[in-house]
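Participant: Got a structure here, written out as C-alpha cells. Questions coming.
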Amino acid sequence: MLEIEVQPGAKRQGVIGVNDWRGKLSVAVRADAQKGKANNALLYVLSTTLNIPKYQLKIVAGKTSRSKKVRIEGLPPLKLHTLLQPFLEEE
C-alpha cells in the first residue's frame, strides 16, 4: 500500500519524490482532476515507473482527493522499495 500526494495539471509527469511534511510519495500528472483523468494518469505513471501492468494497481482511498492510497498487487515490498529508492533519497 502506498500513500500518494497527487499534483494534477502539472507541466511534467512523473514521480517527484517524498513529501517529508506529509510523509507521502509525490506524483505529478498532466491530466486535470476531472472525470477520473488524474486518477488514470496516476496509475499510468506508477505502472510505468514500477514496470508492472496497470491492472495490478488500485486506488483504494481518496478517489476524489489529492491524497490517495494505492494498493499494489504482485510486487514484493523489497522490490517496491528498490524501485522507489531513487525517489526516496534526499538531495
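Throughout, read-outs are computed from the coordinates displayed, never taken from laboratory work. Source: prediction; values computed, not measured. All Cβ positions, glycine included, derive from the backbone under ideal geometry; neighbour counts span all protein chains shown.
Participant: I want the antiparallel fraction of DSSP beta bridges within the stretch 2-85, as a percent rounded to 5.
Facilitator: Of those bridges, close to 75 percent are antiparallel.
Participant: Right, another one. For labels at Y55 and S67 in the simple 7 Å Cα→Cβ model, what's the distance in nm?
Facilitator: 3.3 nm
Participant: Determine the gain in length on full extension of the stretch N19-T48; use 0.36 nm per residue of separation and subtract their C-alpha separation, reporting nm with one decimal.
Facilitator: Numbers: separation 29, 0.36 × 29 = 10.44 nm, distance 2.06 nm.
Difference between extended and current length: 8.4 nm.
Participant: Set the bar at 19 Å for Cα to Cα. Now go through K35/K68; K24/K63; K37/K69; K35/K63; K11/K63 and name every pair that lies beyond it.
Facilitator: As for pairs spanning more than 19 Å Cα to Cα, those are K11/K63.
Participant: Short version: what are the Cα gyration tensor semi-axes of the stretch 2-85, square root of 5 times each eigenvalue, largest first, in whole Å?
Facilitator: Details: eigenvalues 69, 41, 30 Å².
Working through the eigenvalues yields semi-axes of 19, 14, 12 Å.
Participant: Give the shape of the stretch 6-52 as rounded, prolate or oblate, defined through the alpha-carbon gyration tensor: a ≥ b ≥ c are the square roots of its eigenvalues, a/c under 1.5 means rounded, and otherwise the shape is prolate if a/b is larger than b/c and oblate if not.
Facilitator: Note, shape of the stretch 6-52 comes out oblate.
Participant: Hey, got the dipole for the chain? About the Cα centre, +1 on K and R Cβ, -1 on D and E Cβ, debye to the nearest 20? Provide the component values of the computation, followed by the final result.
Facilitator: Numbers: 15 positive and 8 negative charges, 114 e Å.
Computed about the Cα centre, the dipole is about 540 debye.
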